[in-house]
Amino acid sequence: MPMYPQTKELLNFLQKNPTIRTRIAAPPNKTLLYAGNFFKPIWQELEQLKRSNGQIASKVLLPDVLATIQTPGQAHPTLLTWAKALDAVIPWKENGFIVWRALSGIFVANAVSMVSFYIGSNVTKNEKVFGATEIHVLMRNPNIDAVTKDMLGYYQRCIQSGQSAINAGFIGG
């Protein structure tokens with residue numbers, strides 16, 4: 001199935017707006033990446049943890065950043081609402097998944113210093129943005145620290161070997 005025009009529109013918007021792309025970033029040492037499930041989807045667990053755990057509350061997730069980036073002249077007020085609108089487009093793999101890969105790739109390319117991780121089960125290269133994009137972009141990012149690179153090496157080996165139940169996190173202090 002082809003990519004729909006509304007998906008291409010967001011990707012073209014990102015391509016034509018380098019200042020927007022530079023804003024898709026967390027402060028140094030604050031990037032938190034997540035994927036998969038523990039008892040429920042990780043993103044739901046993180047929403048709860050951010051309210052009660054100070055160390056996690058200080059970290060920044062991609063949706064946090066996207067919610068702050070206005071998209072003047074577009075049908076959606078922020079990058080987050082735009083991306084979420086594309087989550088409903090079927091086929092998701094050629095639309096929503098592509099959009100989240102692009103946004104996540106920019107986010108991790110802009111990461112600086114230590115990156116934190118909260119990675120659960122059901123994490124594969126074909127189904128999760130973490131395995132499909134984030135690991136590879138981060139491995140090429142010269143601005144991340146050695147601990148992050150070590151964690152990435154572990155995650156990369158898990159995904160390459162087909163180990164989808166990673167269930168390992170790291171929250172940098």
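The values are calculated or read from the model by the stated rules, or taken from the named source; none is laboratory data. Please read all numbers here as calculations on a predicted model, not as lab measurements. These area figures cover heavy atoms from the full protein model, side chains too; ligands, DNA and RNA do not enter into them. Shrake-Rupley method; radii C 1.70, N 1.55, O 1.52, S 1.80 Å.
The table below gives the values:
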{"read-out": "Between 0 and 90°, nearest 10: helix 42-52 axis offset from the chain longest Cα axis", "value": "70 degrees"}
{"read-out": "Average accessible surface area per residue within the chain, 1.4 Å rolling probe, Å²", "value": "49 Å²"}
{"read-out": "Accessible area of the stretch 30-170 belonging to carbon and sulfur atoms, whole % at 1.4 Å probe", "value": "56 percent"}
{"read-out": "Residues whose placed amide H lies under 5 Å from that of Q163, excluding near-sequence neighbours", "value": "none"}
{"read-out": "GNM top mover of V108, V123, V137 - the chain, alpha-carbon springs below 10 Å", "value": "V137"}
{"read-out": "Amide H within-cut-off set for G169, under 5 Å, with H built and near neighbours excluded", "value": "I119"}
{"read-out": "Counting DSSP beta bridges with both ends in the chain, the antiparallel % (nearest 5)", "value": "50 percent"}
{"read-out": "In order through the stretch 115-131: 3J(HN,Hα) via Karplus (6.51 cos²θ - 1.76 cosθ + 1.60), integer Hz, x for Gly, Pro", "value": "10, 9, 9, 9, 10, x, 9, 6, 9, 10, 5, 8, 10, 10, 4, 4, x"}
{"read-out": "J(HN,Hα) series, the stretch 96-105, from Karplus relation 6.51 cos²θ - 1.76 cosθ + 1.60, nearest Hz, glycine and proline x", "value": "x, 4, 5, 5, 5, 5, 5, 5, 5, x"}
{"read-out": "Residue among K59, K149, K16 with the largest mean-square fluctuation in a Gaussian network model of the chain, springs linking Cα atoms under 10 Å", "value": "K16"}
{"read-out": "Angstrom value of the Kirkwood radius, inverse mean 1/r, which spans all Cα pairs in the chain", "value": "16.4 Å"}
{"read-out": "Equivalent ellipsoid semi-axes, the stretch 53-110, via Cα gyration tensor eigenvalues times 5, rooted, Å", "value": "22, 15, 11"}
{"read-out": "Count of Lys pairs (Cα-Cα under 14 Å; at least 8 positions apart or interchain) in the chain", "value": "8"}
{"read-out": "Span from the the stretch 154-173 Cα centroid across to the the stretch 31-103 one, whole angstrom", "value": "20 Å"}
{"read-out": "Residue with peak Gaussian network fluctuation, the chain [Cα springs, cutoff 10 Å], from T68, T133, T19", "value": "T19"}
